[in-house]
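Comments concern the structure below.
The values are calculated or read from the model by the stated rules, or taken from the named source; none is laboratory data. As the structure is a computational prediction, the values presented were derived from the model and not from experiment. Every residue, glycine among them, receives a Cβ derived from its backbone with ideal geometry; neighbour counts consider all protein chains shown.
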Amino acid sequence: MTSSVMYFVVAYLLIALISLVHEKAYKLSFLLASVVSAILLARVLLYFEPSLSSYFTVLSAVVWFCIGVCSLNIKQGRKLAFLFSLSLASMLLLMWARDALTFLVGWEVMTIASYLSIPDERPAYAFLAFGELSALLITAGFAVGVATTGSFVMESWAYSAYWWLVFLLCALGFAVKMEIWPFHIWAPPAYSSAPSSFSALMASCLTLMGVYGILRLLSIATPPEWVAVLMLVLGAVTAVYGALHAATSERTKELPAYSTIENDGVILVLLGAYVVAATHSKVLAAFAITAALFYVFFHSTSKALLLLATGDSNRFSPRFSTIVSLAGCIAAFSLAAIPPMPGFAAEWMALETLFQSFDLHTPIKLLVVLTGALVALAAGISAISMSKMAVYVFTGEGGEEGRGSENTDYALKVGLITLSSAVVFAGVVPQEILSYVTQPVFEVSGVKESFLGGLLMIPKGMLIISGKGFGCISPTVLAVFIAAISLAVFAVFRFTIRGVRFEEPWNGGEGSENYTPEAYSMILRLTLKSFYRTRELICGVIWCDFVETFYVRTTKLFSKLCDSFRVALMNGSVGLYVLYMLVAVLALLIYALL
């Protein structure tokens with residue numbers, strides 16, 4: 001770790017302590033955290049060579065700055081300000097760690113800080129349980145690497161005879177943090193319960209650390225192809241599963257949680273596709289990593305923006321100010337992959353990667369193409385969930401929850417406008433981001449390939465080329481085209497049509513339409529009854545996440561077995577306790593004689 005990065009880690013820790021000085025010092029703490037994040041962003045961009053760590057630091061710093069600004073007037077700010085700065089310090093520490101111990105310290109502190117931010121007991125303990133499972137798997141993988149090489153330096157594990165085991169254990173640990181199926185059930189309740197600032201931090205940066213961990217492993221050495229099969233299958237199942245549950249979710253913070261599950265599944269599929277292509281097509285492997293890194297940028301910025309705009313409301317149809325509604329719609333359009341938002345380019349790059357795999361000379365290529373079809377299915381379903389967010393949350397009329405009316409605080413407006421600008425920038429000129437990731441892609445794949453070019457009237461550098469003779473797209477030209485068409489249509493309707501009268505739709509005499517969010521997604525619940533476990537009752541319809549049901553039933557069964565064992569072991573019988581002592585003495589005698 002460079003000394004300058006360590007200075008920033010110490011700065012975040014000192015800011016965390018400042019929040020404990022006084023009851024109202026949390027505002028200063030959030031403000032200082034935002035300022036330090038902005039300085040960190042400038043420092044890395046101006047003075048650091050592009051690398052995997054610097055790319056994730058730049059992306060994280062953008063999100064950290066906006067979350068910190070939006071959190072200046074948050075409730076219970078003292079505790080959350082401390083945990084926020086502590087989380088930033090731990091994430092920065094693990095992103096620049098070069099040895100196993102430093103990485104594990106950062107990972108564990110990040111988990112505990114996020115756990116303490118969740119006020120409700122059950123979601124908090126579920127988050128902690130899966131967080132510790134993640135840490136346990138990563139620690140086991142690191143232990144194998146250290147035991148087989150005698151070194152705590154992660155790069156030296158490439159020479160381990162059991163590298164496949166190191167990668168498998170660590171990747172499973174990172175997958176738990178990425179909310180990969182079937183380890184995803186902690187995310188929806190945790191997002192719903194946590195304050196909006198920490199929900200945004202979890203969705204964008206916490207899961208981002210799992211992606212960084214897998215990419216860090218891939219930069220050390222490539223695992224066997226059978227590991228890629230596991231990554232592809234789990235990723236594809238996760239993407240479709242998350243998209244289906246997001247489409248039918250009826251809580252505004254639960255829906256982004258399932259959307260995050262879907263996005264992380266797509267990222268895992270891209271990383272699995274890289275492993276397959278690494279030994280068959282270096283250029284395709286490089287494009288897979290490029291697509292994954294851009295997908296990470298799109299997901300993190302868009303999801304943080306969506307959750308910050310949603311606020312702490314957990315019901316559909318709250319009232320929002322104009323700026324908050326606009327920011328929420330930008331995030332929803334991006335996550336629905338509507339051009340010219342970055343989600344469109346990210347989904348296009350992902351599908352190009354997966355469908356190009358058909359040219360690889362390996363039997364696994366059929367699996368890669370199949371996962372491409374499932375990713376396309378998930379992308380289509382995600383449009384349902386994001387259109388629900390846009391219509392029923394950010395453009396609807398309803399209750400008095402949410403971010404209030406036009407009196408939205410100035411700090412929130414600054415944070416949302418900044419993050420919205422980052423999202424729009426990534427959608428209109430993604431080539432700037434792709435140019436920056438060239439070196440991180442080389443660090444992982446060993447290929448320094450530029451996927452930017454020009455064609456006909458498109459200037460050089462404005463065209464994203466997925467592969468030789470395969471496909472290309474220019475989001476910048478597309479954005480200009482959409483803007484021109486939109487302006488032309490607006491001008492026609494504005495200056496040529498006269499005397500238009502607007503009337504409320506007739507709804508049997510009611511004051512507003514009755515098409516509710518539940519009705520919007522009811523067709524999915526009824527047509528996929530076996531998946532949602534849908535049951536129609538006299539007073540309504542109920543459904544569930546069957547994986548969560550499995551965990552709950554397993555927990556109850558285990559609890560009953562433990563109670564039965566406890567009663568049988570300690571039943572109050574003096575004779576049984578004497579028997580225990582005799583058995584213990586006999587065991588000690590046998591051990592001594594041997």
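Looking for something touching a residue at least 12 places away in the same chain (Cβ under 8 Å), on the phi > 0 side of the Ramachandran plot and surrounded by 22 or more Cβ atoms within 10 Å (Cβ to Cβ) - is there at least one such residue anywhere in the range 179-187? Within the range 179-187, one or more residues are touching a residue at least 12 places away in the same chain (Cβ under 8 Å), on the phi > 0 side of the Ramachandran plot and surrounded by 22 or more Cβ atoms within 10 Å (Cβ to Cβ).
Quick check: is even one residue across the range 61-78 farther than 22 Å from L306 by Cα and touching a residue at least 24 places away in the same chain (Cβ under 8 Å)? Scanning the range 61-78 turns up at least one residue that is farther than 22 Å from L306 by Cα and touching a residue at least 24 places away in the same chain (Cβ under 8 Å). State yes or no: is L335 surrounded by fewer than 24 Cβ atoms within 10 Å (Cβ to Cβ) and at pLDDT 90 or above? The answer is no for L335. In the range 523-564, which residue that is touching a residue at least 40 places away in the same chain (Cβ under 8 Å) and over 30 Å from Y125 (Cα atoms) is surrounded by the most Cβ atoms within 10 Å (Cβ to Cβ)? Applying the filter and picking the extreme gives L524. Residue count for the range 522-543 under the criterion of being within 25 Å of I381 (Cβ to Cβ) and modelled with pLDDT under 80: the result is 5. The number of residues in the range 437-475 being among the polar types (S, T, N, Q) and touching a residue at least 60 places away in the same chain (Cβ under 8 Å) comes to 4. With the structure loaded, tell me whether F451 is surrounded by fewer than 19 Cβ atoms within 10 Å (Cβ to Cβ) and not aliphatic (A, V, I, L, M) or whether it fails that test. Judged against the criteria, F451 is not a match.
From the list S387, S420, S450, the one residue that fits, being at pLDDT below 85 and among the hydroxyl-bearing types (S, T, Y), is S450.
One residue stands out among those in the range 422-440 that are among the aliphatic types (A, V, I, L, M) and farther than 19 Å from I465 by Cβ: the one that is surrounded by the fewest Cβ atoms within 10 Å (Cβ to Cβ), which is V424. In the range 188-200, the residues that are in the same structural domain as Y115 (by TED's automatic domain parsing) and crowded, with 24+ Cβ neighbours inside 10 Å form Cβ pairs under 7 Å with partners that are of a type in the set (F, W, Y) and in a helix (DSSP H, G or I), at six or more places apart or across chains, as follows: P188/Y258; A190/F127; S197/F84; S199/Y191.
All but one of (1) part of a helix (DSSP H, G or I); (2) surrounded by fewer than 20 Cβ atoms within 10 Å (Cβ to Cβ); (3) within 17 Å of the chain's Cα centre (by Cα); (4) not hydroxyl-bearing (S, T, Y) hold for F174, so report the exception by its number. Every condition holds for F174 apart from (2).
Residue count for the range 131-156, restricted to those that are surrounded by fewer than 20 Cβ atoms within 10 Å (Cβ to Cβ) and aromatic (F, W, Y): 1. Across the range 178-200, not a single residue is classified as part of a helix (DSSP H, G or I), closer than 29 Å to K365 by Cβ and β-branched (V, I, T). So which residues in the range 117-147 are small (G, A, S) and in contact (Cβ under 8 Å) with a residue 12 or more places away in the chain, if there are any at all? Within the range 117-147, S117, A124, A126, A129, G131, S134, A135, A140, G141, G145 qualify. Criterion applied to L412, L374, L354 was being modelled with pLDDT under 90 and either in the same structural domain as A228 (by TED's automatic domain parsing) or β-branched (V, I, T) (or both), and the one residue passing it is L412. Residues that are in contact with a Ser or Thr (Cβ under 9 Å, 6 or more places away or on another chain) and among the hydroxyl-bearing types (S, T, Y) do not occur anywhere in the range 228-242.
Checked against the criterion of being of a type in the set (A, V, I, L, M, F, W, C), over 21 Å from V296 (Cα atoms), modelled with pLDDT under 90 and in the same structural domain as S219 (by TED's automatic domain parsing), the range 79-101 contains one or more residues that satisfy it.
If you go through the range 272-285 and keep only what is of a type outside the set (D, E, K, R), touching a residue at least 60 places away in the same chain (Cβ under 8 Å) and assigned to a helix (DSSP H, G or I), you end up with G272, A273, Y274, V276, A277, A278, V283, L284, A285.
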